[in-house]
Amino acid sequence: MDNQPRNWNRWGADDQRGTLNYITAEKRLQASKLIRTGNVYSLAIPLRADAPIWPTRHKNWHIATHRNTLGPGPGGAEDVLMMHTHGTTHIDALCHVFRDGRMYNGYSAAETITSRGAERNSICNVDAIATRGVLLDIAKYHGVAHLAADHEITPEEVEAVAAAQGVAIGSGDAILFRTGFMQLWQRNAEEYDRAQPGVNHAVAQWAGDREVVLLGADNSAVEIFPTVAYLPVHQEFIRDQGGYLLELLYLDELARDQVYEFLLVVAPLRIDRGLGSPINPIALV
């Protein structure tokens, strides 16, 4: 991998937002003009105990407390959740991965990350993302319900799918890859967890050349899974570029309606010192 990260110090030595700097007010206004029908799509999977999750993470835990369900008089109920911030549809913070003791923009992992969380590059620096989203339906391009588990998406393939769909990729865009594999999870969760298609390291480099803000997919890691030990796409895109990954997306309804560009809104929880956050991404068209 490149030993000279391309975006370190690009927006100053104190920057903690990375590729979000590509999204200008003008970019948001341009993206807002993609709203023509008023339709809204949630891109999140259901948050439940048996949802897909990285094998080393604990399953989500959910109970409901309730009182006076029989009456008379008032009653109430509420949820109690225990979960990994990466335990459902989520966004990775810039402190999520590091290499050689350094995270995005050169911050020391040892000096900034403790059991209390991250003092630098935390999810709190994201606030909210609103930009042009592009769906690339890789599965449909190949005429299959879902890609094979060992399918490695390449830059040449990305460009071919974008051309076939009639969409171009520009600075500040978000790219969402549909592998179709979420359909497999709904039929066979064990097989889904075993291996998944995804993008390769070259796609992360390609996205950096085009000033892409984030990459997302309907799999567990955006990159092909199981990954090699050093998570090359995570390291290249998050650590070296300051980019963001959205994982475990639900993209089937967008694909069904052939919605290939839209206003994408992503609002993480403002978790103090958080290393990521559950999200309910919204596509507006």
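Restricting to the stretch 185-207, name every residue that is touching a Phe, Trp or Tyr at 6+ places or on another chain (Cβ under 7 Å) and either in contact (Cβ under 8 Å) with a residue 40 or more places away in the chain or surrounded by fewer than 20 Cβ atoms within 10 Å (Cβ to Cβ) (or both).
Passing the criteria: Trp185, Tyr192, Ala195, Gln196, Pro197, Gly198, Val199.
Within the stretch 156-201, take every residue that is of a type in the set (Gly, Ala, Ser) and in a loop (DSSP other than H, G, I, E, B) and give me the one that is modelled with the lowest pLDDT.
Residue satisfying both the conditions and the ranking: Ala195.
Out of all the residues in the stretch 239-276, which are out of contact with any strand residue (DSSP E or B) (no Cβ under 6 Å at 6 or more places or on another chain) and β-branched (Val, Ile, Thr)?
Passing the criteria: only Val259.
Of the residues Asp272, Asp257, Asp252, which is over 19 Å from Asp100 (Cβ atoms), of a type in the set (Asp, Glu) and in contact with a Cys (Cβ under 9 Å, 6 or more places away or on another chain)?
Asp272 is the lone residue from the list that is over 19 Å from Asp100 (Cβ atoms), of a type in the set (Asp, Glu) and in contact with a Cys (Cβ under 9 Å, 6 or more places away or on another chain).
Considering the stretch 208-219 alone, what residues qualify as being of a type in the set (Gly, Ala, Ser) and surrounded by fewer than 23 Cβ atoms within 10 Å (Cβ to Cβ)?
Step one: filter the stretch 208-219 for residues of a type in the set (Gly, Ala, Ser), giving 208, 216-217.
Gly208 - this is the single residue of the stretch 208-219 that is of a type in the set (Gly, Ala, Ser) and surrounded by fewer than 23 Cβ atoms within 10 Å (Cβ to Cβ).
Residues to consider are Gln30, Gln4; find the one that is in contact with a Lys or Arg (Cβ under 9 Å, 6 or more places away or on another chain) and either within 29 Å of Leu231 (Cβ to Cβ) or surrounded by 15 or more Cβ atoms within 10 Å (Cβ to Cβ) (or both). Let's see the steps before the verdict.
Details: Gln4 fails: in contact with a Lys or Arg (Cβ under 9 Å, 6 or more places away or on another chain).
Answer to the check: Gln30.
Only strands (runs of 3 or more DSSP E) wholly contained in the stretch 202-277 count here; list those with 3 or more residues that are under 30 Å from Met82 (Cβ atoms), under 15 Å from the mean Cα position of the chain (by Cα) and aliphatic (A, V, I, L, M). Walk me through it before giving the result.
Details: elements: 214-217, 244-247, 261-266.
It comes to 214-217, 261-266.
Consider the stretch 159-184. How many of its residues are under 21 Å from Pro232 (Cβ atoms) and either surrounded by 21 or more Cβ atoms within 10 Å (Cβ to Cβ) or of a type in the set (Gly, Ala, Ser) (or both)?
Qualifying residue count, the stretch 159-184: 6.
Can you tell me which residue is surrounded by the fewest Cβ atoms within 10 Å (Cβ to Cβ) among those in the stretch 229-276 that are of a type in the set (Gly, Ala, Ser) and closer than 19 Å to Val40 by Cα? So that I can check it myself, show each step before the final result.
Quick first cut of the stretch 229-276, residues of a type in the set (Gly, Ala, Ser) only: 229, 242-243, 255, 267, 274, 276.
This time we only want the ones that are closer than 19 Å to Val40 by Cα, so: 255, 267.
Details: Ala255: 19, Ala267: 16.
Filtering the stretch 229-276 for residues that are of a type in the set (Gly, Ala, Ser) and closer than 19 Å to Val40 by Cα, the one surrounded by the fewest Cβ atoms within 10 Å (Cβ to Cβ) comes out as Ala267.
Out of curiosity, is Asn21 buried (at least 16 other Cβ atoms within 10 Å of the Cβ) and polar (S, T, N, Q)?
When the stated conditions are applied, Asn21 passes them.
Out of all the residues in the stretch 33-56, which are in a loop (DSSP other than H, G, I, E, B), buried (at least 16 other Cβ atoms within 10 Å of the Cβ) and at pLDDT 80 or above?
Leu34, Leu43, Ile45, Leu47
Looking at Arg48, is it of a type in the set (D, E, K, R), under 26 Å from Asn188 (Cβ atoms) and within 18 Å of the chain's Cα centre (by Cα)? Steps first, answer last, please.
Numbers: of a type in the set (D, E, K, R): yes; under 26 Å from Asn188 (Cβ atoms): yes; within 18 Å of the chain's Cα centre (by Cα): no.
No: the conditions fail for Arg48.
The values are calculated or read from the model by the stated rules, or taken from the named source; none is laboratory data. Model, not experiment: these values are computed from the prediction. For neighbour counting, all protein chains shown are included, and Cβ atoms are generated from backbone atoms with ideal geometry for every residue, glycine included.
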